[in-house]
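Reading through the structure tokens given below for one structure.
The values are calculated or read from the model by the stated rules, or taken from the named source; none is laboratory data. All values derive from a computational prediction rather than experimental measurement. Note that each Cβ is placed from the backbone with ideal geometry, even for glycine, and that neighbours are counted across all protein chains shown. Note: areas computed on protein heavy atoms with side chains; ligands, DNA, RNA excluded. Shrake-Rupley method; radii C 1.70, N 1.55, O 1.52, S 1.80 Å.
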Amino acid sequence: MANLALLFLFLFSFTVATTKADSFSRNLSPETLGLKREKLSHLHFFFHDTLSGENPTAVPVAQAATTNKSSTSFGLVVMIDNPLTVRPEVNSEQVGRAQGIYASASQSEISFLMAFNLFFTQGKHNGSSLSLLGRNSIFSGIREMPIVGGSGLFRFARGYAKAKTYMVNLKTNDAIVEYDVYVFHY
């Protein structure tokens with residue numbers, strides 16, 4: 001009988017320990033975090049990618065040994081801190097910055113892996129950001145890239161960005177890209 005009691009105690013302890021170990025997560029309602037009805041927002045701005053001049057906003061930081069021999073610059077990694085403006089002119093009102101990296105990720109066409117934050121500095125979105133991660137085949141007409149998250153007013157964000165080249169200087173590789181971003185958030 002004592003052995004049966006010890007066996008029961010052991011099994012009960014194991015069950016309780018297992019239950020506690022598996023309880024690192026739980027379901028919550030959005031209201032628990034103060035989240036209200038989900039909204040859909042549309043943001044429109046111009047992304048200024050400047051590699052030339054005295055104050056570039058896009059700087060190559062790494063490349064493969066074979067990058068210079070590649071017709072697509074495969075292996076090139078560029079760090080960015082690009083201004084986002086309301087109009088295509090770089091001196092128009094700035095609404096934020098695109099901060100992160102892009103890298104040449106294709107051996108057959110000029111296509112970048114884009115990984116950056118859209119950090120907003122004006123208006124009601126001041127201090128909020130969106131995170132973009134996706135493929136950008138830069139010579140395609142309109143490219144779509146996912147929005148995978150956000151912070152501030154864009155907490156729990158999801159959506160997509162449409163990018164369209166407005167202007168590119170093929171000598172300097174400077175570019176202005178028009179963005180339309182559609183994002184669900186609370």
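Here are the numbers for the structure shown:
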{"item": "HN-Hα J in Hz across segment 157-165 - Karplus 6.51, -1.76, 1.60, θ = phi - 60°, x for Gly and Pro", "result": "5, 7, x, 8, 10, 10, 10, 9, 5"}
{"item": "Length gained when the stretch Ile142-Ser108 is fully extended (0.36 nm per residue, less Cα-Cα span)", "result": "10.3 nm"}
{"item": "Accessible surface of the chain, 1.4 Å probe, proportion on carbon and sulfur as whole %", "result": "58"}
{"item": "Unit Cα scatterers, Debye sum, segment 137-186: log10 I(q)/I(0) for q = 0.17, 0.29 Å⁻¹", "result": "-0.59, -1.00"}
{"item": "Sorted largest first, extent of segment 83-186 alpha carbons per principal axis (Å)", "result": "40, 29, 20"}
{"item": "Segment Ala115-Ile101, extension gain: residue separation times 0.36 nm, minus the distance between their alpha carbons", "result": "4.5 nm"}
{"item": "Trypsin sites (Lys or Arg not before Pro) within segment 20-53, DSSP loop, no more than 10 other Cβ atoms inside 10 Å", "result": "Arg26, Lys36, Arg37"}
{"item": "C-alpha center-to-center spacing [segment 156-186, segment 53-129] in angstrom", "result": "10"}
{"item": "Area of His48 that stays accessible when all protein chains are in place (1.4 Å probe, Å², to 10)", "result": "10"}
{"item": "Lysines whose Cα lies under 27 Å from that of Lys124, excluding same-chain neighbours fewer than 8 positions away", "result": "Lys36, Lys39, Lys162, Lys164"}
{"item": "Residues whose placed amide H lies under 5 Å from that of Gly150, excluding near-sequence neighbours", "result": "Ser131, Phe156, Ala157"}
{"item": "The chain: C-alpha pair distances exceeding 26 Å, %", "result": "45"}
{"item": "Filtered GluC sites (Glu not before Pro), segment 15-121: DSSP coil and at most 16 other beta carbons within 10 Å", "result": "Glu38, Glu54, Glu89, Glu93, Glu109"}
{"item": "Solvent-accessible area per residue for segment 90-164 (1.4 angstrom probe, square angstrom)", "result": "51"}
{"item": "Net lengthening on full extension, Thr66/Leu33 (0.36 nm per residue, minus Cα-Cα)", "result": "6.9 nm"}
{"item": "The chain, dipole about Cα centre (Lys/Arg Cβ +1, Asp/Glu Cβ -1), debye to the nearest 20", "result": "460"}
